[in-house]
Amino acid sequence: MSFIDEKELQDNLKEVEAKICAACERSGRKREEVTLIAVSKTKPSEMVQTLYNEGVRDFGENKVQEIIAKAPILPKDIKWHMIGHLQRNKVKQVVDKACLIHSVDSLRLAEEIEKEADKHNLVVPILLEVNIAGEESKFGMTKKEALDLVVLLSQFRHIAVKGLMTIAPNVENSEENRPIFHDLKQLSVDIINKNIDNISMDVLSMGMTNDYEVAIEEGATIVRVGTGIFGTRYYG
Ligand SMILES: *Cc1c(COP(=O)(O)O)cnc(C)c1O
């Protein structure tokens, strides 16, 4: 195993950036409407620094420990996104470090975030993770559960619901995921139409390396790209 070199990292970023621009153009959207999160999980902080030097400010991690390890040794204006499944006992470590928690998938988790955010006197921005495809192996709520949960969360004073997140299936052809992204967008419209206090649906976090262009065409405001920028991940 080895990490890709600096030049390759820079080239990958340029390529992803070009594809994001093209997808925005195809769908009549402005480039500024879409935020690229570079998903740096399992990758060293040197690589994060290289991308930072190229202008990237948003990074995604799926483990609280990795945010805690990397944040102190990297520039302070980096925005760390918690994109992975979050256990309740890890909430207290991350509420004041993540700019956005993408993976809220239960009332119990939201209650824990509310409790810890209250202690820090913070209002924590979150997304609701919806398992649109209904895959057994994935975290996330059903659409119905999400609709019910937003009503409850509108009463939480230390949580600000900003939108929705989904992880689409790993498919051969990204077009297969178009209906999933379309569905998440539609769910956000359904929620907006309910006019619930304190609930915003400005953020749609959807699309990864294999399907971010399709996700942008369907309305993604955040795409989470790991492999496409950093190269293959090695575990263990
Ligand atoms: C790892 C991960 C990504 C990035 O996946 P790639 O296919 O490498 O782009 C995006 N979102 C979440 C939630 C992840 O855990």
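The values are calculated or read from the model by the stated rules, or taken from the named source; none is laboratory data. Only a predicted model underlies this, so the values are computations on that prediction, with no experimental measurement involved. Cβ placement follows ideal geometry from the backbone for every residue including glycine, while neighbour counts extend to all protein chains displayed.
Within region 107-122, how many residues are closer than 12 Å to Leu153 by Cβ and either surrounded by fewer than 17 Cβ atoms within 10 Å (Cβ to Cβ) or of a type in the set (Asp, Glu) (or both)? Number of matching residues: 3.
List every residue pair whose Cβ atoms lie under 7 Å apart, where the two residues are 6 or more positions apart in sequence or sit on different chains, the first residue falls within region 218-231 and is in a strand (DSSP E or B), and the second residue, located anywhere, is within 6 Å of the ligand (Cβ to nearest atom). Qualifying pairs under 7 Å: Arg224/Val39; Arg224/Ile83; Arg224/Met208; Val225/Val39; Val225/Met208; Val225/Thr209.
Looking at Glu172, is it acidic (Asp, Glu), more than 16 Å from the ligand (Cβ to nearest atom) and without any contact (Cβ under 8 Å) to a residue 24 or more places away in the chain?
Here the answer is no, as Glu172 does not meet what is asked.
Anything in region 198-217 that is among the hydrophobic types (A, V, I, L, M, F, W, C), part of a helix (DSSP H, G or I) and in contact with a Ser or Thr (Cβ under 6 Å, 6 or more places away or on another chain)? List them, or say none. Listed by number, the list holds a single entry, Val214. Filtered by the rule that a residue be farther than 17 Å from Leu51 by Cβ, modelled with pLDDT of 95 or more, within 13 Å of the ligand (Cβ to nearest atom) and not hydrophobic (A, V, I, L, M, F, W, C), region 194-236 gives Ser205, Gly207, Asn210, Asp211, Glu213. Contact map, region 176-199: first residue of a type in the set (Phe, Trp, Tyr), second residue part of a loop (DSSP other than H, G, I, E, B), Cβ cut-off under 6 Å, separation 6 or more or different chains; pairs are Phe181/Met206; Phe181/Glu218. For region 173-186, the criterion of being surrounded by fewer than 22 Cβ atoms within 10 Å (Cβ to Cβ), of a type outside the set (Val, Ile, Thr) and either modelled with pLDDT under 95 or in contact with a Pro (Cβ under 9 Å, 6 or more places away or on another chain) (or both) is met by at least one residue. Among (1) under 27 Å from Asp211 (Cα atoms); (2) in contact with a Lys or Arg (Cβ under 9 Å, 6 or more places away or on another chain), there is one condition Ser27 misses while meeting the rest; what is its number? The single condition Ser27 does not satisfy is (2). Entry remark, region 57-77: residues being surrounded by 19 or more Cβ atoms within 10 Å (Cβ to Cβ) and in contact with a helix residue (DSSP H, G or I) (Cβ under 9 Å, 6 or more places away or on another chain) number 5 in total. Out of Thr35, Thr50, one residue alone is away from the ligand (no atom under 16 Å from the Cβ), within 19 Å of Gly228 (Cα to Cα), touching a residue at least 12 places away in the same chain (Cβ under 8 Å) and not small (Gly, Ala, Ser). It is Thr50.
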